[in-house]
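Trainee: Right, I'll just put the structure down here and ask away after.
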Amino acid sequence: MSVNPMGYSSSIETEQAPQYQWEDNPCPVCESRECIRLGDRGGQAHKHRKGVRCTIVQCRVCSHLYPHPMPMTDDPNALYHDVDEYFVNHDPQTKIEKARILLQELERYCNGRGRMLDIGSGRGELLYAASFLGWDPYGVEASAEFTEFAKATYGVQVTQGTLARANYPDATFDLVTLGAVLEHLYDPKGMLRQIHRILKPDGVVWIDVPNEASLYNTIGNLYFALQGKDWVSQLSPTFAPYHVQGFTRRSLLQLLTQTGFSALTLKLYTGRTLLSRKTAKEHFEYWAASLVNQLARWTRTGPYMEVVARAMHAGT
Ligand SMILES: [Zn+2]
């Protein structure tokens, strides 16, 4: 069991669970150390005691949310070892169809279908959709299991490892997609700088991340407070620290500007309610979450955020 400097203990006891070092980190977006504590998340601060207890703070300067101290591990891939478990709520056919629609939208910003890279390509559905639409698709995936699955199932081209290890030349791609990745990374700024380098001039990046300033989070935190709990709903899921970056619209746009991108569109949206409904209390929570989702649609404060941004170069 790992114990952090604040005395919290990890609830992960599985064989592959990594050990964490707890780092006194500044804001990963603007590097300010001015932050406010929002509450705890994970471990003893989770209804099923899942994951690792972290204190979540918000940057006073750029509004970004992050665990402080940050749970660091030398082997983040150990968190994502089981394809079926990690993607338990993901249906492949639905993902392929969504990817097809997304890529057809992105064509408008890319002047057609060129060479594209999907970072964190997972099981490979987006690459598969891209290949039959006529793109020249490449994938990078940290997990060896996901990489093998994508190659064997869809016959797509995936490099296993990090983007740095793939070592693409400058100005290689017309489009880079980064869906549900940035919130998992210790260094999101470094990732966007690498993407800027490998994009062609005027190339486009598409990013999808949770919106941590959503109505769902506001009401979830209020619900915890009414129960007398010092917990927050941000940076979920809580089993292991999967999400270590909590973007708001403002912090995401600031990160893009700092790394040489100009945002073309930013959309907040709402997904399905995935809570279980076994007990009466869970039924109530499901109903409440569905209601909040509907309100979020009306007020455009959805829990997810996607942005399309163009790489700006000197003279553009
Ligand atoms: Zn900040």
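Trainee: Could you give each residue of segment 59-74 its phi-based ³J(HN,Hα) in whole Hz, using Karplus coefficients 6.51, -1.76, 1.60 with θ = phi - 60°, and x for Gly or Pro?
Mentor: Result, ordered by residue: 5, 6, 8, 10, 6, 5, 10, 6, x, 9, x, 8, x, 9, 9, 6 Hz.
Trainee: Per the chain: cysteines with no other Cys C-beta under 4.7 angstrom?
Mentor: If one checks each Cβ against the other cysteines of the chain, 35, 54, 110 turn up with nothing under 4.7 Å.
Trainee: First measure r as the distance between the Cβ atoms of residue 44 and residue 105, then evaluate 1/(1 + (r/R0)^6) with R0 = 35 Å and state the FRET efficiency to the nearest 0.05.
Mentor: Efficiency at R0 = 35 Å is approximately 0.25.
Trainee: In addition: Roughly how many nanometres apart are two label points built 7 Å out from the Cα toward the Cβ at residue 278 and residue 167?
Mentor: Simple spin-label model gives 4.9 nm for this pair.
Trainee: Now for a separate question. Taking just the alpha-carbon atoms of the chain, what radius of gyration and Dmax come out, in angstrom?
Mentor: Gyration radius and largest Cα-Cα distance of the chain: 19.4, 61 Å.
Trainee: Points 7 angstrom from Cα along the Cβ direction at residue 262 and residue 23: gap in nanometres?
Mentor: Distance between the two pseudo-spin positions: 3.3 nm.
Trainee: If you don't mind, another one. In the calculated pair distance distribution of segment 129-285, what percentage of Cα-Cα distances lie above 28 Å?
Mentor: Across segment 129-285, Cα pairs with separations above 28 Å total 34 percent.
Trainee: Identify the residues of segment 129-158 with backbone N under 17 Å of a label point that sits 7 angstrom from the Cα of residue 96 along the Cα-to-Cβ direction, or state none.
Mentor: So the set is 129-135, 137, 149-157.
Trainee: Mind jotting down the three principal axis lengths of segment 106-156 based on Cα atoms? Whole angstrom, largest first.
Mentor: 34, 18, 12
Trainee: On to the next question. Taking loop as defined by DSSP and a crowding limit of 15 other beta carbons within 10 Å, which GluC sites (Glu not before Pro) in segment 16-55 fit?
Mentor: Taking segment 16-55 and a limit of 15 other Cβ atoms within 10 Å, the loop GluC sites (Glu not before Pro) found are 31, 34.
Trainee: Using a 7 Å offset from Cα along Cα-Cβ at residue 298, what residues in segment 185-220 end up with backbone N under 20 Å from the label point?
Mentor: 214-220
Trainee: What number do you get for segment 22-73 when its Cα radius of gyration is normalised by 2.2 N^0.38 Å, N = residues?
Mentor: 1.15
Trainee: Right, something else. Lysines within cross-link reach of residue 267: Cα-Cα under 18 Å, excluding same-chain residues under 8 positions apart?
Mentor: Output for residue 267: 98.
Trainee: Just to be sure I understand: with springs between alpha-carbon atoms less than 10 Å apart, which residue in 64, 243, 283 has the highest mean-square fluctuation in the Gaussian network model of the chain?
Mentor: Greatest mean-square fluctuation among the candidates belongs to 283.
Trainee: Residue 312 versus residue 291, label points 7 Å from Cα toward the beta carbon: distance in nm?
Mentor: Calculated label separation equals 4.4 nm.
Trainee: Which one, 258, 227, 157, has the greatest fluctuation when you compute a Gaussian network model over the chain with C-alpha springs under 10 angstrom?
Mentor: It is 227.
Trainee: Residues with amide H under 5 Å of residue 261's amide H, sequence separation 5 or more or different chain, H placed in the peptide plane at 1.01 Å from N; which?
Mentor: Placed amide hydrogens put 312 under 5 Å from residue 261.
FYI, it's all coordinate maths here, none of it is from the lab. Only a predicted model underlies this, so the values are computations on that prediction, with no experimental measurement involved. Ideal geometry is used to build each Cβ from the backbone, glycine not excepted, and the neighbour counts take in all protein chains shown.
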